[in-house]
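Beneath this line is the structure, given in structure tokens, with notes to follow.
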Amino acid sequence: MKFFSGRRLVLGSLALLCAGGLSIMPAHAAQNTKQFIEGFGKQLVAIVNSPVSLPEKKEKVMPLIQKNVDIDAIGRYCLGRYWKLATPAQQKEYLELFHQVLVNAITDKLGDYRGVSFTIGSVTKSGEDEAVEATLLRPQQPPATMQWIVNSATGSEKVVDVIGEGASLRLTQRQDYSSYIARNGGSVDALISALKRQIAHHTAAATQN
């Protein structure tokens, strides 16, 4: 079972443009969302480009992710229809594991980037979310274009997904999770066990390194 492709996990950020046509946002709302992404992006880039060790970078990135990314919302989305079928205990355990797996997936990619910068483009409205166009610039590599998807339903802006290479990361993951659960008799516990194994494998590999 795969989790967020490394090629698509640009700077480790998390988005599907929800159904419906895009429309231009009010100027003040667009500016707030753009400022949020600029601030979050600059902090990420500063950590990625810093001369500190990879473990130190991971330590600095984790609280930044927890603050600016709505991991619980992404986790619920990725479980799809099985979220409502899961018991409260299963939901709680799944989200705890999802946090660990997502943070691992993000921090594992930090060492792949050096000397990066980014530019912010237009902001558009789609459903309850805002899509912010951004371009990541990397030395000796072509620019990587993405869309950061931001939701403010909780009262503050949070990243809920990223579209990279034309694909939504959270939608791709939901399809993977749903397929895995379906192959295992519709058991959410089967997915929970798989996530536990994934975390254990990651921990063992990190210990060896």
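Each value in this text was obtained by applying a stated rule to the coordinates, not by laboratory testing. Worth saying up front: this structure is predicted, and the values here are computed from it rather than measured. Virtual Cβ from ideal backbone geometry, glycine too; neighbours counted across all protein chains shown.
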Calculated FRET efficiency for the pair residue 202/residue 119, C-beta based, R₀ 30 Å, to 0.05: 0.35
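In percent, what relative contact order does segment 112-209 have, based on Cα pairs under 8 Å that are 6 or more apart in sequence?
Computed over segment 112-209, the figure is 14 percent.
For residue 92 and residue 190, calculate 0.36 nm times their separation in residues minus their Cα-Cα distance, and state this gained length in nm to one decimal. It would help to have the intermediate numbers written out before the result.
Working: separation 98, 0.36 × 98 = 35.28 nm, distance 1.50 nm.
Taking residue 92 through residue 190 to full extension adds about 33.8 nm, to one decimal.
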Residues with amide H under 5 Å from that of residue 184, placed H, sequence gap 5 or more: none
Per-residue HN-Hα couplings for segment 37-45 [Karplus 6.51, -1.76, 1.60; θ = phi - 60°; Hz; x = Gly/Pro]: 5, 4, x, 4, x, 5, 5, 4, 4
FRET efficiency, residue 180 to residue 140 (Cβ-Cβ, R0 25 Å, nearest 0.05): 0.10
Reachable lysines, given that their alpha-carbon falls under 27 Å from the alpha-carbon of residue 125 and they are not under 8 places away in the same chain: 34, 42, 67, 158
Inter-centroid distance (Cα atoms) of segment 88-118 relative to segment 45-62, Å: 15
Note, ³J(HN,Hα) from phi for segment 55-64, Karplus 6.51, -1.76, 1.60, rounded to Hz, x at Gly and Pro: x, 5, 4, 4, 5, 6, 6, 4, x, 5
